[in-house]
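Report on one structure; see the data block that follows.
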Amino acid sequence: MSLAAFPLQMIRGEEPEPALDRLKKLSLAELLEVKVATVYGASKHEQKTTEAPSSVSIVTQDDIKKHGHRTLADILNSLRGFYVTYDRGYSYMGVRGFNRPGDFGGRVLLMVDGHRLNDAGADTAPSGTDFPLDVDLIDRVEVIRGPGSSLYGNNAFFAVVNVITRRGRDFDGAELSGSYGSFDTWTGRASYGQRFTNGLEFLVSGTLYDSLGQDRLSFPEFVAENLDGSWARQVFASISYKDFSLQGGFSRRQKDWPTAAYYTIPNSQAPRLFTRDERAYADLTFQRECGDEWLVAARGYCDHFQFDGYYPYDYDADPLTTPTVNRDLGISTSAGLDVSVNKTLWDSHQLTAGGEWRHDFELGGGNWDVDPPATYAALSRSADNLGLYAQDEWRIRKNLIVNAGVRYDHYSGFGCTVNPRAAVIYSPWEPSSFKFLYGQAFRAPNVYELYYESLGTRANPGLQPETIRSYELVWEQRFGPHWRTSVSAFWNDVDGLINQDVDPGADLVSPDDDRLFFNNVGSAVARGIELEVEGKLPGRWRGLASYTFADTQDGTSRQRLNNSPQHLAKLNLSVPLWREKIFASLELQAMSRRETVTGNTSAPYAIANFTLFSRELVKGLELSASLYNLLDQRYTHPVSVDFGYIGPISGNPVVLDTVRQDGRSFRVKLTYRF
C-alpha cells in the first residue's frame with residue numbers, strides 16, 4: 001500500500017478503533033457535530049481542509065455505502081461543481097462548467113493512493129466501470145479543486161482526485177460481497193485482509209462485473225437491440241512492512257456501444273462495435289521519519305494501458321456483403337521514480353521538495369482493417385519527463401498561513417513549463433477561514449495529438465501545452481458544532497486549448513487533400529460561484545447541499561462552451577431509522593440545459609436516488625437496496641462529433657449530439673465479513 005498517501009499516525013502503525021465501537025462511545029452532542037476533515041493531497045502532507053491551499057471535498061466510505069454509489073462517477077456526481085457525462089461507452093469528468101465533448105478527462109488528475117492513473121498515451125481518467133478499483137475498497141476520496149501542477153505536474157489542471165484505499169486491518173479477515181440490479185447487472189467480490197503483530201499487513205481482492213445493459217435503445221432511424229452490455233474484471237493487492245509498501249492492480253473491461261459512433265453500421269449484431277480497456281500498475285514505496293522531523297519518501301512505479309476498439313463498417317454500402325472490422329489500438333507503458341522530503345523548520349515552516357522522473361517506453365498504436373487487411377495508421381514513440389518541485393507552508397501567526405510552491409517540468413516532446421501556486425489563508429476567528437488562492441497549471445499534448453497520422457490527419461510535433469491561470473476566493477464558516485458553510489468565487493483563464501484544425505493542403509479550392517491536425521487555437525474563460533451547506537440535525541439527520549453557477553465562454557466567439565451547465569444543484573440527506581444500524585438516504589441532482597456540438601441544447605433535468613442501508617443487524621452483515629432515477633426522469637447527455645452514422649432509412653449522414661441516459665433502475669447488495 002502506498003503509505004505516502006496516509007497521515008503520519010497511520011505510518012506509525014497505530015491501530016484504529018472499529019467504527020461501531022467509536023459510535024457507541026459518542027454522546028448525542030458529539031454525534032451531531034460536524035467534524036473538520038483532513039486532507040493529504042492538497043499539500044502532500046496531512047492538514048485540516050480549512051488550512052489547505054484549495055477548496056476541498058472529502059467523501060468517506062460511510063458516505064459511499066449510505067448513498068449506494070456504484071462507481072467513482074457516482075461519487076463525483078454527488079459533489080459541488082462536478083458533473084459526469086456518459087456517452088454509453090465511457091464516463092467523462094467535468095468541473096465547474098468545463099467538460100468538452102470528445103475529451104477523455106485529461107484536465108483532472110486522478111490518483112489511487114498518490115499513484116497517477118491518467119495514462120501516458122491519451123491522458124484518460126477512468127471514472128465509470130473502467131475505473132480499475134472496486135468502490136468497496138475505497139476508504140475515502142479527496143477532491144482538491146483548482147490547479148495542482150505546482151506539485152503534481154501534468155493533468156492537474158482543474159482538480160486533483162485522490163482515491164485512498166482501505167488496508168488489511170480494515171478487513172481483519174475475509175469479506176464477500178454480491179449485488180444484483182436492473183439490466184441483469186451483477187457483481188461479485190472476494191477480499192481478504194490482515195495485519196499481524198509483527199507489523200506485516202496485506203490485502204488482496206478480486207471483483208467480477210457483468211451487465212446486459214439496455215435491451216432496446218432508440219436512435220434516429222434505428223433501434224439498437226441488446227448492444228449495451230459490458231463486463232469487467234479487477235484484481236487489487238497491497239502489502240506493507242515497516243517502511244516499505246507495495247501495491248498493484250489489474251483490470252480489464254469490455255463495453256458494447258449501441259450508438260453506431262464513428263459512422264459504423266447501425267445495430268450491427270455480428271460483428272459488434274465494442275471497446276476493451278486493460279490497465280495494470282505496480283507501486284513500491286519507501287517512507288521513513290528521520291531525526292529532527294525529516295520525512296523522506298521514495299516511490300518507484302510502472303504502468304501499462306491498452307485500448308482496443310473494434311468497429312464494423314460496410315464500405316460498399318451493400319447489406320449483402322460481409323462487414324469489415326476496423327481495429328483501433330492504443331498502448332502506453334511507463335515507469336518512473338518520485339523522491340520527496342518533508343521538513344518542519346522553526347516550528348512555522350512546513351517545507352516539501354522533490355523530483356519526479358518518468359520514462360514512457362512505448363507510446364503507440366495504430367488503425368487497420370482486419371480482413372481484408374489494410375493499414376491506415378501506425379505509431380510508435382517514446383518520451384521522457386523530469387519534474388522538480390518545492391513548496392513552503394509558512395505559519396506566520398496562529399491564524400495566518402502563506403503557502404507558496406512551484407514546479408518545473410521538462411518534456412522531451414515540447415520542452416519546459418513552470419507552474420507556481422500561492423495561497424493566503426486567514427482565520428480572523430476560530431470558526432472562520434478565508435482563502436485567497438492563485439495557481440497555474442498545464443496539460444501536456446499527448447502522443448495522439450502530437451504524432452498521429454493517417455489518410456485524413458497529419459501530425460503536429462510543434463504543439464505546446466494548454467495552460468490555465470486560476471484565481472479563487474474561499475470563505476469557510478462554522479456555525480456552532482452542527483453547521484458548516486463554504487462560499488467560493490473563481491475565475492479561470494484557459495489558453496492554448498488544443499483543438500482540431502483543417503490543413504487545406506496544396507489545393508486551396510478542392511477539399512480532396514484537406515487534412516485534420518491538432519493546433520493550439522482555442523481559449524476559454526470560466527467564472528462563477530459555489531455555495532455549500534452541511535449540517536447535522538436533531539434526530540441525527542445529516543445533510544449536504546450545494547449550488548454552482550458557472551459562466552463559461554469561448555475566448556474567440558464569446559459563445560457558451562459546449563456541455564457546460566450554468567447551474568448545478570446537489571442535495572444529500574441521510575437519517576438513521578433505527579439506532580445506528582438502518583439508514584435511509586436521498587440524493588437529488590439538478591442540472592441546467594447544455595449546448596451541444598450541433599448548436600442544439602440538451603434539456604435541463606433533476607433526478608433523485610434513494611438508498612436503504614443496514615449494518616450489523618446480524619454480526620458481519622451489511623444490506624442495501626437502492627433506486628436510481630427514482631422518478632424515471634427522461635434526460636440526455638451531450639456527446640462529441642464522433643457520434644455520427646449513415647441513416648439506414650434515408651441513406652444520409654446523421655449526427656447524434658445527445659445520448660439518452662438510463663431511466664429508473666435498482667440494485668440490491670449484500671456484504672458479509674467473517
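Throughout, read-outs are computed from the coordinates displayed, never taken from laboratory work. Owing to the predicted nature of the structure, the values given are computational and were not obtained by experimental measurement. Here the Cβ is made from the backbone with ideal geometry for all residues, glycine too, and neighbour counts use every protein chain on show.
The table for this structure:
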quantity: Contour excess over end-to-end distance, with Cα ends at Ser454 and Thr197 and 0.36 nm allotted per residue; calculated: 86.6 nm
quantity: 222 nm mean residue ellipticity, helices alone, for the chain (DSSP H n ≥ 4; -39,500 (n - 2.57); rounded to 500); calculated: -1500 deg cm²/dmol
quantity: Largest to smallest principal axis extent of the C-alpha atoms in region 32-191, angstrom; calculated: 41, 40, 31
quantity: At R0 = 51 Å, FRET efficiency that the Cβ-Cβ distance of Lys343 and Arg664 yields, to 0.05; calculated: 0.40
quantity: Contour excess over end-to-end distance, with Cα ends at Lys48 and Asn600 and 0.36 nm allotted per residue; calculated: 194.3 nm
quantity: Relative contact order of region 336-439, defined on C-alpha pairs under 8 angstrom at six or more residues apart (%); calculated: 19
quantity: Region 530-594 - convex hull of the alpha-carbon atoms, volume per residue in Å³; calculated: 80
quantity: Selection of GluC sites (Glu not before Pro), region 587-674, meeting DSSP coil and at most 15 other Cβ within 10 Å; calculated: Glu616
quantity: Å³ per residue enclosed by the Cα convex hull of the chain; calculated: 150
quantity: Length-normalised contact order for the chain - Cα pairs under 8 Å, 6+ apart - percent; calculated: 12
quantity: Test item: Cα-centred dipole of the chain, Lys/Arg +1 and Asp/Glu -1 on Cβ, debye; calculated: 2660
quantity: Whole-Hz couplings from phi, Karplus 6.51/-1.76/1.60, listed for region 597-609; x for Gly and Pro; calculated: 5, 9, x, 7, 10, 8, 5, x, 7, 9, 10, 10, 10
quantity: Ranked list, fewest to most other Cβ atoms within 10 Å of each Cβ, for Leu320, Leu76; calculated: Leu320, Leu76
quantity: Per-residue Cβ neighbour rank within 10 angstrom, fewest leading, Trp429, Trp394; calculated: Trp429, Trp394
quantity: Cα→Cβ-extended label distance, 7 Å offset, between Phe436 and Lys619, nm; calculated: 5.9
quantity: Quotient of C-alpha Rg and 2.2 N^0.38 Å, computed over region 213-315; calculated: 1.72
quantity: Protection proxy ranking, peptides 544-555, 132-143, 651-662, average beta carbon neighbours within 10 Å, highest first; calculated: 132-143, 544-555, 651-662
quantity: Under-5 Å amide H pairs with Ile138, H placed in peptide plane, nonlocal only; calculated: Arg166
quantity: Reachable lysines from Lys570, criterion Cα separation under 30 angstrom, eight or more residues apart if same chain; calculated: Lys35, Lys44, Lys48, Lys65, Lys66, Lys255, Lys435, Lys536, Lys581, Lys669
quantity: Two-decimal Rg to Rh for region 176-243 - Kirkwood Rh, Cα set; calculated: 1.30
quantity: For region 341-383: Kirkwood Rh in Å [reciprocal of mean 1/r, alpha carbons]; calculated: 14.9
quantity: Per-residue HN-Hα couplings for region 315-331 [Karplus 6.51, -1.76, 1.60; θ = phi - 60°; Hz; x = Gly/Pro]; calculated: 5, 8, 6, 10, x, 8, 8, 6, x, 9, 8, 9, 10, 10, 10, x, 9
quantity: Estimated vicinal HN-Hα couplings, Hz - region 47-59 in sequence order (Karplus 6.51, -1.76, 1.60; Gly, Pro = x); calculated: 7, 5, 4, 6, 10, 6, x, 5, 8, 10, 10, 10, 10
quantity: Order of Tyr672, Tyr281 - criterion: other Cβ atoms within 10 Å of each residue's Cβ, fewest first; calculated: Tyr672, Tyr281
quantity: Over region 404-445: Kirkwood hydrodynamic radius from C-alpha pairwise inverse distances, Å; calculated: 12.5
quantity: For region 613-665 versus region 553-572, the gap between their alpha-carbon centres in whole angstrom; calculated: 22
